[in-house]
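**Student:** After the structure tokens below, expect a handful of questions from me.
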Amino acid sequence: MLNDQFEPGSFRDRNGRVFYRAGCVYRGLSNKALREWEALSSTQFFKRFSAEEKLVQTKRIESPKILDSSILGKWAAVLKHDGIPFISYPYEWSFEMLKDAALLELELLLAALEEEMILKDSSAFNFQWIGSKPVFIDIPSFERLATGEPWVGYQQFCQMFLYPLFLQAYKDVPFQPWLRGNIDGIEPEHCNRLMSTLDLLRRGVFMHVYMQSKMQAKYAQTKKDIKGDLRSTGFNRDLIKANVRGLSKLIRKLKWKRANSEWSDYVSNNSYTDIDCDMKAAFVRDVAASRPWDLVWDLGCNTGTFSRIAAKNARYVVAMDTDHLAIERFYLELKAEGNTSILPLIGNVANPSPNLGWKGLERKSLPERGKPDLMLCLALIHHLVISANIPLKEVINWFASIGTSLVIEFVTKEDPMVKTLLRNKEDNYTDYELEYFERCLFEAFDVTKRKILKSGTRILYFAQARN
């Protein structure tokens, strides 16, 4: 019996539903959605963007066996999509990542309009990443453009792309907590309240924030047929195209001007000697080369030095760090290289992305999206224990719960970096000692390799979780 399973986050579109069968990704289509697919798949822009891998690779499945299932119900047609190596969410992306996804959304929309089609919604969740390359995945969002119809996804585009970018570019406020706090994005009214009177003079704020918040308040309870009124006044696709081009020009000019952060210069400002750096790289290189790895997590990746080493013998690497600027710079490097094997994300092990949305199932926690077979936890555990105040044993037990191979670095209290963390704190961290660390590690893992770096204050371990 085939194991059919619906994607729990795919329910908002009543005309299509994503499901999994035998490890493959499918989407059932209603009769209405099938007609839109047939129109879409015959367009030139669909063929071009598919060839450029800006759209997820998609084909129609003709086999009748998959069209009828007691679990899935009946569909008029089924599409098969290429899988995504690792699912991520907009609240885990850097500024430039969200910006690039926004620009691709507008590029797709403009091309669709040229062939009498449109995107019916503009959710940032419609994008995923293949390394540093954004990919649009919600194929049924394309539909034929009816005469006189507006771009109904404009407000959603503002809430999920434009306003978060404004927040970080104009106010130097990270957008990620806002998108994590509300998966529908930032409301026009809320964004308007965040902008000062002087901000109204900034490019795009008056039109797309102030005016839209006022229009939303004015028409929130209206009984008027707004779409009908637009049609009667001669609204047409040229007006949509002008708005899209204007948004694209606006977003291209947005910059986040933060020059430094706590850890963005860690490579040149740390307690490692050159010998320690070489020994550490050699240790990770030996582990990476010991076997092919499918998925690697590099937790606390900083500028990605060890992510790159792991990627040489891994199918895919997810590189995570709490430092927004470090991830921003790493993404821009990967983008310039055209790298498709390393995905850089903003993430905090001490406060990771939780389950969100309806019944807590629309957006998944980190482990639910794909557990790694190797984790790199280098220069990390002292931050979790001393900075985040998490008991050391709980940290080790969480690592063990992932059920993976582990490269971990213990930094002793004699190390300058740990002394810095303890400088203005009372040292109540009696559990943060090498002997106790090793006892916890050896209880939960089979340790096969141990290496003391030349400095004597840092020890590396390679281990395998027993469960």
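Residues checked against (1) closer than 15 Å to Leu380 by Cα; (2) among the β-branched types (Val, Ile, Thr):
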{"position": "Cys277", "(1), (2)": "no, no"}
{"position": "Lys280", "(1), (2)": "yes, no"}
{"position": "Val287", "(1), (2)": "no, yes"}
{"position": "Arg291", "(1), (2)": "no, no"}
{"position": "Asp294", "(1), (2)": "no, no"}
{"position": "Thr303", "(1), (2)": "yes, yes"}
{"position": "Ser307", "(1), (2)": "yes, no"}
{"position": "Ala311", "(1), (2)": "no, no"}
{"position": "Asp323", "(1), (2)": "yes, no"}
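**Student:** Which residues, taken from the range 348-386, are assigned to a helix (DSSP H, G or I) and more than 23 Å from Ser132 (Cβ to Cβ)?
**Tutor:** Trp358, Lys359, Gly360, Pro367, Glu368, Ile381, His382, His383, Leu384, Val385, Ile386
**Student:** Right, something else. Condition (residue is modelled with pLDDT under 95 and in a helix (DSSP H, G or I)) applied to the range 333-347: is it met by at least one residue? Quick ask: steps written out before the conclusion?
**Tutor:** Of the residues in the range 333-347, the ones modelled with pLDDT under 95 are none.
There is no residue in the range 333-347 that is modelled with pLDDT under 95 and in a helix (DSSP H, G or I).
Each row is one residue, and each column tells you yes or no for (1) over 19 Å from Ile408 (Cβ atoms); (2) at pLDDT below 95; (3) open to solvent by 40 Å² or more (accessible area, probe 1.4 Å); (4) out of contact with any Phe, Trp or Tyr (no Cβ under 9 Å at 6 or more places or on another chain).
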position	(1), (2), (3), (4)
Ser268	yes, yes, yes, yes
Met279	no, no, yes, yes
Ala282	no, no, no, yes
Asp321	no, no, no, no
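**Student:** Ok, one more. Is there any pair with a first residue in the range 273-286 that is free of Cβ contacts under 8 Å to residues at least 60 places away in the same chain and a second that is surrounded by 13 or more Cβ atoms within 10 Å (Cβ to Cβ) whose Cβ atoms are under 6 Å apart and which are 6 or more apart or on different chains, and what are they?
**Tutor:** The qualifying pairs are Arg285/Ile309.
**Student:** To continue, here is another question. Quick one: is Gly360 farther than 25 Å from Ala311 by Cα and either surrounded by fewer than 16 Cβ atoms within 10 Å (Cβ to Cβ) or over 19 Å from the mean Cα position of the chain (by Cα) (or both)?
**Tutor:** Values: farther than 25 Å from Ala311 by Cα: yes; either surrounded by fewer than 16 Cβ atoms within 10 Å (Cβ to Cβ) or over 19 Å from the mean Cα position of the chain (by Cα) (or both): yes.
Spelling it out, Gly360 is indeed farther than 25 Å from Ala311 by Cα and either surrounded by fewer than 16 Cβ atoms within 10 Å (Cβ to Cβ) or over 19 Å from the mean Cα position of the chain (by Cα) (or both).
**Student:** OK, next. Among the residues of the range 138-148, write down those that are part of a loop (DSSP other than H, G, I, E, B) and open to solvent by 40 Å² or more (accessible area, probe 1.4 Å). I'd like the intermediate steps shown before the answer.
**Tutor:** Within the range 138-148, the first condition is being part of a loop (DSSP other than H, G, I, E, B), and the residues that meet it are 138, 145-148.
Hits for the range 138-148 are Ala146, Thr147.
**Student:** Scan the range 437-456 and tell me whether some residue there is among the hydroxyl-bearing types (Ser, Thr, Tyr) and part of a helix (DSSP H, G or I). Steps first, answer last, please.
**Tutor:** Of all residues in the range 437-456, those among the hydroxyl-bearing types (Ser, Thr, Tyr) come to 448, 455.
Filter once more, keeping what is part of a helix (DSSP H, G or I): none.
No, the conditions are met nowhere in the range 437-456.
**Student:** Okay, next question. In this structure, is Ala242 modelled with pLDDT of 90 or more, of a type in the set (A, V, I, L, M, F, W, C) and out of contact with any strand residue (DSSP E or B) (no Cβ under 6 Å at 6 or more places or on another chain)?
**Tutor:** Numbers: modelled with pLDDT of 90 or more: yes; of a type in the set (A, V, I, L, M, F, W, C): yes; out of contact with any strand residue (DSSP E or B) (no Cβ under 6 Å at 6 or more places or on another chain): yes.
Yes.
**Student:** Hey, another quick one. Output the residue which, of all residues in the range 1-35 that are open to solvent by less than 30 Å² (accessible area, probe 1.4 Å) and among the hydroxyl-bearing types (Ser, Thr, Tyr), is nearest to Leu356 (Cα to Cα).
**Tutor:** Here the answer is Ser10.
**Student:** Still on this structure: Looking at (1) surrounded by 14 or more Cβ atoms within 10 Å (Cβ to Cβ); (2) at pLDDT below 95, which is the one condition that is false for Glu433?
**Tutor:** (2)
**Student:** Can you spot a residue in the range 423-430 that is farther than 23 Å from Arg308 by Cα, in a loop (DSSP other than H, G, I, E, B), open to solvent by less than 10 Å² (accessible area, probe 1.4 Å) and among the acidic types (Asp, Glu)?
**Tutor:** Going through the range 423-430, the residues farther than 23 Å from Arg308 by Cα turn out to be 423-430.
Filter once more, so that each one left must be in a loop (DSSP other than H, G, I, E, B): 423-430.
Filter again for open to solvent by less than 10 Å² (accessible area, probe 1.4 Å), leaving none.
No, the range 423-430 has no match at all.
**Student:** Looking only at residues that are over 21 Å from Leu104 (Cβ atoms) and among the aliphatic types (A, V, I, L, M) in the range 22-38, which one is farthest from the chain's Cα centre (by Cα)? Steps first, answer last, please.
**Tutor:** Filtering the range 22-38 for residues over 21 Å from Leu104 (Cβ atoms) gives 22-24, 26, 28-35, 38.
Pick out the ones that are also among the aliphatic types (A, V, I, L, M) and you get 22, 29, 33-34.
On the way: Ala22: 25, Leu29: 26, Ala33: 27, Leu34: 29 Å.
By that ranking, first place goes to Leu34.
**Student:** Hey, could you check the range 151-169 for residues that are in contact (Cβ under 8 Å) with a residue 40 or more places away in the chain and under 18 Å from His324 (Cβ atoms) and say which is most open to solvent (accessible area, probe 1.4 Å)?
**Tutor:** Ranking the candidates gives Ala169 first.
**Student:** If the requirement is being of a type in the set (Ser, Thr, Tyr) and in contact (Cβ under 8 Å) with a residue 24 or more places away in the chain, which of these qualifies: Ser123, Ser196? Before you say what the answer is, go through the steps one by one.
**Tutor:** Working: Ser196 fails: in contact (Cβ under 8 Å) with a residue 24 or more places away in the chain.
Only one candidate passes the filter, namely Ser123.
**Student:** Condition first: more than 21 Å from Ile130 (Cβ to Cβ) and surrounded by 13 or more Cβ atoms within 10 Å (Cβ to Cβ). Now tell me which residues in the range 41-50 satisfy that.
**Tutor:** Pass one, the range 41-50, residues more than 21 Å from Ile130 (Cβ to Cβ): 41-44.
Correct list: Ser41, Thr43.
**Student:** Filter the range 172-193 for residues that are of a type in the set (A, V, I, L, M, F, W, C) and open to solvent by 60 Å² or more (accessible area, probe 1.4 Å) and give the result. If you could, list the steps in order and put the result at the bottom.
**Tutor:** So in the range 172-193, the residues of a type in the set (A, V, I, L, M, F, W, C) come out as 173, 175, 178-179, 183, 186, 191.
Trp178 - this is the single residue of the range 172-193 that is of a type in the set (A, V, I, L, M, F, W, C) and open to solvent by 60 Å² or more (accessible area, probe 1.4 Å).
**Student:** While we're here: Take the range 457-467 and flag every residue that is open to solvent by 40 Å² or more (accessible area, probe 1.4 Å) and outside any strand (DSSP E or B).
**Tutor:** Once the filter is applied, which keeps residues that are open to solvent by 40 Å² or more (accessible area, probe 1.4 Å) and outside any strand (DSSP E or B), the range 457-467 yields Arg466, Asn467.
**Student:** So in the range 51-78, with the set limited to residues that are modelled with pLDDT of 95 or more and within 29 Å of Asp184 (Cβ to Cβ), which one is surrounded by the most Cβ atoms within 10 Å (Cβ to Cβ)?
**Tutor:** Among those that are modelled with pLDDT of 95 or more and within 29 Å of Asp184 (Cβ to Cβ), it is Leu55.
**Student:** If you scan the range 284-307, which residues turn out to be under 20 Å from Trp129 (Cα atoms) and either open to solvent by 70 Å² or more (accessible area, probe 1.4 Å) or over 22 Å from the mean Cα position of the chain (by Cα) (or both)?
**Tutor:** Within the range 284-307, Asp294 is the sole residue that qualifies.
**Student:** Quick test for you: out of Ser122, Ser132, pick the one residue that is buried (at least 23 other Cβ atoms within 10 Å of the Cβ) and farther than 18 Å from Phe157 by Cβ.
**Tutor:** Answer to the check: Ser132.
**Student:** Inspect the range 287-295 for any residue being in contact with a strand residue (DSSP E or B) (Cβ under 8 Å, 6 or more places away or on another chain) and part of a helix (DSSP H, G or I) and give the result as yes or no. Even if it seems obvious, please write down each step before you answer.
**Tutor:** Taking the range 287-295 first, the residues in contact with a strand residue (DSSP E or B) (Cβ under 8 Å, 6 or more places away or on another chain) are 287-288, 292-295.
If we keep only those that are part of a helix (DSSP H, G or I) too, we end up with 287-288.
Checked against the condition, which is being in contact with a strand residue (DSSP E or B) (Cβ under 8 Å, 6 or more places away or on another chain) and part of a helix (DSSP H, G or I), the range 287-295 yields at least one hit.
**Student:** Return the only residue of Ile381, Ile342, Ile327 being touching a strand residue (DSSP E or B) at 6+ places or on another chain (Cβ under 9 Å), open to solvent by less than 10 Å² (accessible area, probe 1.4 Å), under 24 Å from Ala444 (Cβ atoms) and of a type in the set (Val, Ile, Thr).
**Tutor:** After ruling out the rest, the residue left standing is Ile381.
The values are calculated or read from the model by the stated rules, or taken from the named source; none is laboratory data. Not measured: the values here are computed from a predicted model. Neighbour counts run over all protein chains shown; Cβ positions are idealised from the backbone, glycine included. Note: accessible area is taken over every heavy atom of the protein model, side chains too, but ligands, DNA and RNA are not part of it. Shrake-Rupley method; radii C 1.70, N 1.55, O 1.52, S 1.80 Å.
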